[in-house]
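Taking it in order: structure first as C-alpha cells, then the write-up.
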Amino acid sequence: MSGCGLFLRSAAAARLGRARVAFTASRRPLRTSPPSQAFAKELFLGKIEKKEVFPFPEVSQDELNEINQFVGPVEKFFTEEVDSQKIDREGKIPNETLEKLKSLGLFGMQVPEEYGGLGLSNTMYARLGEIISLDCSIAVTLAAHQAIGLKGIILAGSEEQKARYLPKLASGEHVAAFCLTEPASGSDAASIRTRATLSEDKKHYVLNGSKVWITNGGLASVFTVFAKTEVVDSNGSVKDKVTAFIVERDFGGITSGKPEDKLGIRGSNTCEVHFENTRVPVENVLGEVGGGFKVAMNILNSGRFSMGSAVAGMLKKLIEMTAEYACTRKQFNRNLSEFGLIQEKFALMAQKAYVMESMAYLTAGMLDQPGFPDCSIEAAMVKVFSSEAAWQCVSEALQVLGGSGYMRDYPYERILRDSRILLIFEGTNEILRMYIALTGLQHAGRILTARVKQLKQGNVTTIMETVSQRVRDSLGRTVDLGLTGKLGAVHPSMEDSAHKLEQNVHDFSRTVETLLLRFGKTIVEEQLVLKRVANILINLYGMTAVLSRASRSIRVGLQNHDHEVLLANIFCTEAYYQNLFALSQLDKYSPENLDELIKKVSQQVLEKRAYVCAHPLDRTA
Amino acid sequence: MSWAQAILLARGLSRGWGGICSTALTGAPFSQVTPQAPRGLHCSTAAHQPDSPLVPRPPEPQRGLVKALAPHEELFRQAPDGVRDKASFVQAVQNFTQYNVHKRGHVDFIYLALRKMREYGVERDLAIYNLLLDIFPKEVFRPRNIFHSIFLHYPRQQECGIAVLEQMENHGVMPNKETEFLLTQIFGRKSYPMLKFVRMKLWFTRFKNINPFPVPRDLPQDPVDLARLALRHMEPDLSARVTVYQMPLSKDSTDATDPTEPHIIGIQSPDQQAALAHHDPAHPIFVEGPFSLWLRDKCVYYHILRADLLPPEEREVEEIPEEWNLYYPMQLDLAYGRSSWDDYEFNIDEVEEGPVFAICMAGAHDQATLAKWIQGLQETNPTLARIPVVFRLSPSSGELLASSSGLEEPPLTPPEGREEEENNQQRQQQSQS
C-alpha cells in the first residue's frame, strides 16, 4: 500500500519517505522517558518543567537534510508557479495547481506511510507549513483537508476505515471536508440539528441536515460529519448524542451550495453542504456511536500548533518584501529605513516572527515525543499568539508601505485580508483563551484543593504559612527556579530575561492560588479574569520558547545567534512588564482593574443595542 | 402685608440668595442649599401650608371666574368666530399694550393671559411667555437700595412674574437669554423671579432627560399607533415583535366603543415565545386585565397572558449538559466555590412570579375580542392550541368604566379572593413594565 501510494509522487517525496523510515527507526528509542506533566499546566503551579522545554527540540542531521531536499521543490513551486493574485481574484485554485500539489504529496503530509501518505512528524509538518502558507488559500484548503478533514480517520478510525479511505485521501484523489458548524451551532454541540437515524434494517444511518461554512465543501468527496443520534444510556434512557460519520459524496443526497464570497482566503472553497436522506452504512461511524463529541474535540485540538510556523513563514516573506521597499523608497533624501518609526516596525515584525516560530517548533517538538503527550494548551497558545501577531504585523507592514499597501495591484492588501481569518477560525481567539485558562485552572485547582480547603476552614498553620510566604514575596525575594547559574538551562547572556521569567512564573502561581481561593469553580463566569490568565500564560510560554531556542542557538553556534539573543531579551522584557501589569490587574481592588466599569458600559450599550451617548452638539435647552 | 410676614419673607430671600451664592462659590451641588430656602418662598405665598403651590393663584378665586368676568376678558373675546391660535393671542396682548399705555392692571391681564394660553395652544411657546413678561413696565420694580432688596419690593408684581415662570416650568419650557434680560430689566438681579429663573436654568437641564423611558411629547392620535407605542414602552426586550392582529373596522372609528371590529395589537418577544413553547399544557394559562398604563395624559389599557409559577418540585433543574462546548469546559470540576468575601450579591428577597407570555392592547376589553388575540397568537405559538386558556377579566379598574362603559362582560368564573389576586397582578405588572 505504501509503495503504491508513493509511486505517484515526485522523486523528492520518495526520497524523503525512505529517509524518514530510517529516521523514525533511529529516533524513537532515544526518548524513553515516560511522558511527564505538560509544561503549561505546571506553570499554573509555579513550576517550570525544564525537561519538557530545555533544550530546544532538535531534529537529526539526516532528517534535516531530507526535509531540506523536500522543501526545495515545494518552495520553488510556490514561488514560481502559484499565482496568488490570480487565485484571489478568481476565487478558485486552478486545477493544474491542485494537481501539482497532489503530485508533491501535500495532500497526505500527516497520513501514515502505510496508507500512502508522507507520514511527516509534527515538526516536519510545521516546516512544510511555513512554505505552504505563502498562499493562504492553498494553505487553508490543505489544512481543511488534512488537519481537520481526514484527521478524524487517523485519530479515531478503525483499521478498515483507514485502509479504505486514507490512501485515496493521501494521494489527493479524494478531498476531505470537516462538517461541524451549523447555522445554529458554532461551538455549541448541544444545538446541532443535523440528525442521523438508524434505518429499519439497522445497516444504515439516514442523515438529514445542513452544515454551513464548510471549507472544501464543494470539492470534497469525503466528509467527516457530526450529527445527533439517539443513544440508549446505561440506565436505559434514550438520549441524543453527537456521533461522527465518514460520509462519501457517492452515498447520495449531498448537495453543496454556491461558494461563499469571502473577505480573504478567497481561493479556498467555502460553502454550505446539505444532507438529505443520505444513507450512511453503520461501518462508517467514526469512533463510537455517541462518541462524536470527543472525536470533534480531539480533531480540533490537534490541528492548531501548525498555525505558528505557517504565520512565521508568511511573516518572513513579508519582512523581505517590506524591507526591500523601505530601503529603496526615498523621502527627504533619506531612505525610509533611516527613520526610527519605520525601524521600530521591523523590529516588531522580527520579534513576533521569532517568538511564534520558537513557540511553534517547541510545541511541535513536544508533540513528537512518544506517548501522545497532551499539548493542547500549548497548541492553543501558539494559535492565539500567532494569529494576533500576524494581524498586527501585517497591519504594521502596510503602514510602512503607505499607499501602495492599500492598492490591489500589490499583494499586501491580500495578505491583510487573508490574515484576518486566522483570529476567527479553528476556534476564535476568545474561545481559545477560555480554553487555555480554564484547562490550566482546572489542573491547578485539583492539586490545590486540599490547601484551599484548609485555608477556607481557617487552618492556622496553613494560613500562617501563606501569610509568611506572601510577606517574603513582598519583601522582594528573588525567585530561583533553576534556569540560570552553573549548569543552568539558559545561557548567561539571557540571565536577566530568565530571572524575569522565573519571577513572573512565581507571581503567576501565587495569583492563580488567590484566584482559585476567591472564585473557586465560579471562575468560569469571570471571563475578563480568565482572559488575563490566558494572556499571562501565553507570554510565559513565549518567553520560555525564546529563551530555550536562543540558548540552543548560542550553544550550537548558529549563525546570527546574537540577533536571536537581542530578540529574546526584547520579548522577555516586554512580556515581563505586560505580565506584571496583568497580574496587578488580577489583584483584588486593584486600581488598574476597570472591569466593573467596562461591564457597566457594555451592559448599557447592549441594553439599548446602540451607542448611548448624546451627540456632542446636542443641547438640553 | 404685615411686618412680621415681610420679615419672614426677607429672611427667606436672603437665605435663598445666600444658598445660591455659596454653592456658586464652593462648587458644591445645588441640592445642598439649606432646606429652609424654598420654605422662605412658601411663606410668601400662602400662610405656611406645606402643600400649597409655589406661586399663588391669581387674587380672584377661580370659581368666581365663571360668573364674574375678569378684567380685560373682552380682549380675548374679540374674535369669537376666528381661530384661536398664536397670532390671535399675540394680537390680544398687543391690543392690551396699545390700548393701555400706562399698563394699568397689567398684573391681572398677565394672570388672565396665562390662563388663556392653553385655549390658544401656546402654552409651550417660549416667545409668548417672553411677550407676557414684556408687558411689565421696565425699571419700575427694580430694587434701588439694600432695603428694597431685603424687603419684598412690589410683591404682587414679583409674584406675577413667578407665576409666568411657574407656568413655563409646568409645561417644560426652558427660559432663554431674552427671558433673563427681561427679568433683570423688570425686577433686577436680586429678586424672586430671578431666583426662580436661576433655579429653572439649573434644574431643567438636569431633569429634562431624567426619565430613562421617555414618552414622545406628542402622542399619536391613532389608537393602533398609540397601542404600538405603549406596548414597546412596556416590553424591555428590543427583539420583541409587535403584531397587529386586527385593524379597526373603519378608519374613522377611533373611539374604542366600536363593538364589531376593535383593534387588537399584541407584543411578544422570542424569549416569551420559547417560554410558551415549553409550557406544560397540563397547567392553564390566564388572560388577565385590563391594567392601566398612563402615557402622559392618556390612559391606555392592556391585557397579559400569563401562567402561575410552577411549584418548586415541578421545576426542571437547568443543568449543564456534559458534552456541550466543543472548545472549553463550561464548568470546573472543583469542590469549592466563591469565597464569601468575593460574593457581592446583595441579600435580596426576591418574589418569584409566573411568566408573562404576551401583552396585548385591544379596542374592547371583552372576552370575544381577547379570544381573537389568543387565536392570532396560536399562529406563531402552536403549543397554545393545546393549553387551556382561562379569561380572568376584572369588570372595572379605575377609569375604565367611564371610558368604555357597557362593554365589559362579567368574567366567566369570577375566582374567589379576586382582590388579592388583582393586587398581586398589579404588583407583577409594575415589576414587569
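For the range A:421-446, a residue qualifies if it is among the charged types (D, E, K, R) and either under 17 Å from B:LEU334 (Cβ atoms) or assigned to a helix (DSSP H, G or I) (or both), and the qualifying residues are A:GLU430, A:ARG433, A:ARG446. If you go through the range B:295-306 and keep only what is assigned to a strand (DSSP E or B), more than 14 Å from B:PHE391 (Cα to Cα) and not hydroxyl-bearing (Ser, Thr, Tyr), you end up with B:LEU295, B:LYS298, B:CYS299, B:VAL300. When the helices (runs of 4 or more DSSP H) confined to the range A:53-139 are screened for residues that are at pLDDT below 90, those reaching at least 1 such residues are found at A:61-80. Scanning the range A:578-600 for residues that are among the polar types (S, T, N, Q), farther than 17 Å from A:ARG470 by Cβ, free of Cβ contacts under 8 Å to residues at least 60 places away in the same chain and part of a helix (DSSP H, G or I) yields A:GLN578, A:GLN585.
In this entry, B:ARG84 is excluded by the filter for residues that are more than 24 Å from B:VAL173 (Cβ to Cβ), out of contact with any Pro (no Cβ under 7 Å at 6 or more places or on another chain) and in a loop (DSSP other than H, G, I, E, B). Between A:ILE424, A:ILE431, A:ILE415, the distinction of being β-branched (Val, Ile, Thr) and more than 20 Å from A:ARG266 (Cα to Cα) belongs to A:ILE431 only. Any residue at all in the range A:221-242 that is within 13 Å of chain B (Cβ to nearest Cβ), surrounded by fewer than 16 Cβ atoms within 10 Å (Cβ to Cβ) and closer than 30 Å to A:LEU367 by Cβ? Checked the range A:221-242: no residue is within 13 Å of chain B (Cβ to nearest Cβ), surrounded by fewer than 16 Cβ atoms within 10 Å (Cβ to Cβ) and closer than 30 Å to A:LEU367 by Cβ. The residues in the range B:278-295 that are out of contact with any Lys or Arg (no Cβ under 8 Å at 6 or more places or on another chain) and exposed (fewer than 13 other Cβ atoms within 10 Å of the Cβ) can be counted, and the count is 5. Looking only at residues in the range A:403-433 that are closer than 14 Å to A:ALA380 by Cβ, surrounded by fewer than 24 Cβ atoms within 10 Å (Cβ to Cβ) and hydrophobic (A, V, I, L, M, F, W, C), the one that is farthest from the other protein chains (Cβ to nearest Cβ) is A:LEU423. Take the conditions (1) within 28 Å of B:GLU235 (Cβ to Cβ); (2) of a type in the set (D, E, K, R); (3) at pLDDT 85 or above; B:ASP333 misses just one of them, which is (1).
For every residue, the table says whether it meets (1) of a type outside the set (Val, Ile, Thr); (2) more than 14 Å from B:MET174 (Cα to Cα); (3) surrounded by fewer than 17 Cβ atoms within 10 Å (Cβ to Cβ).
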{"position": "B:SER191", "(1), (2), (3)": "yes, yes, no"}
{"position": "B:PHE197", "(1), (2), (3)": "yes, no, no"}
{"position": "B:LEU202", "(1), (2), (3)": "yes, no, yes"}
{"position": "B:ARG206", "(1), (2), (3)": "yes, no, yes"}
{"position": "B:ASN211", "(1), (2), (3)": "yes, yes, yes"}
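For the range A:174-231, the strands (runs of 3 or more DSSP E) that sit wholly inside it and include 3 or more residues that are touching a helix residue (DSSP H, G or I) at 6+ places or on another chain (Cβ under 9 Å) are A:176-179, A:204-215.
Being under 29 Å from the mean Cα position of the chain (by Cα) and assigned to a helix (DSSP H, G or I) holds for only one residue in A:LYS456, A:LYS500, and it is A:LYS500.
Residues in the range A:317-342 that are within 29 Å of A:ILE132 (Cα to Cα), surrounded by 14 or more Cβ atoms within 10 Å (Cβ to Cβ) and touching a helix residue (DSSP H, G or I) at 6+ places or on another chain (Cβ under 7 Å): A:LEU318, A:ILE319, A:THR322, A:ALA323, A:TYR325, A:ALA326, A:ILE342. Being part of a helix (DSSP H, G or I), of a type in the set (A, V, I, L, M), within 13 Å of chain B (Cβ to nearest Cβ) and buried (at least 24 other Cβ atoms within 10 Å of the Cβ) narrows it down to one residue among A:VAL529, A:VAL512, A:VAL505; which is it? Among A:VAL529, A:VAL512, A:VAL505, only A:VAL512 is part of a helix (DSSP H, G or I), of a type in the set (A, V, I, L, M), within 13 Å of chain B (Cβ to nearest Cβ) and buried (at least 24 other Cβ atoms within 10 Å of the Cβ). Condition check: modelled with pLDDT under 90, surrounded by fewer than 18 Cβ atoms within 10 Å (Cβ to Cβ) and charged (D, E, K, R). Does B:ARG315 satisfy that? So B:ARG315 fits the description; yes.
Restricting to the range B:307-334, name every residue that is more than 30 Å from A:VAL295 (Cβ to Cβ), assigned to a loop (DSSP other than H, G, I, E, B) and either hydrophobic (A, V, I, L, M, F, W, C) or within 7 Å of another protein chain (Cβ to nearest Cβ) (or both).
B:LEU309, B:LEU310 - these are the residues of the range B:307-334 that are more than 30 Å from A:VAL295 (Cβ to Cβ), assigned to a loop (DSSP other than H, G, I, E, B) and either hydrophobic (A, V, I, L, M, F, W, C) or within 7 Å of another protein chain (Cβ to nearest Cβ) (or both).
Among the criteria (1) within 12 Å of chain A (Cβ to nearest Cβ); (2) of a type outside the set (S, T, N, Q); (3) surrounded by 14 or more Cβ atoms within 10 Å (Cβ to Cβ), the one B:ILE304 does not fulfil is (1).
The values are calculated or read from the model by the stated rules, or taken from the named source; none is laboratory data. Remember, it's a predicted structure, so these values are computed and weren't measured experimentally. Positions of Cβ are backbone-derived with ideal geometry, glycine not excepted, and every protein chain shown enters the neighbour counts.
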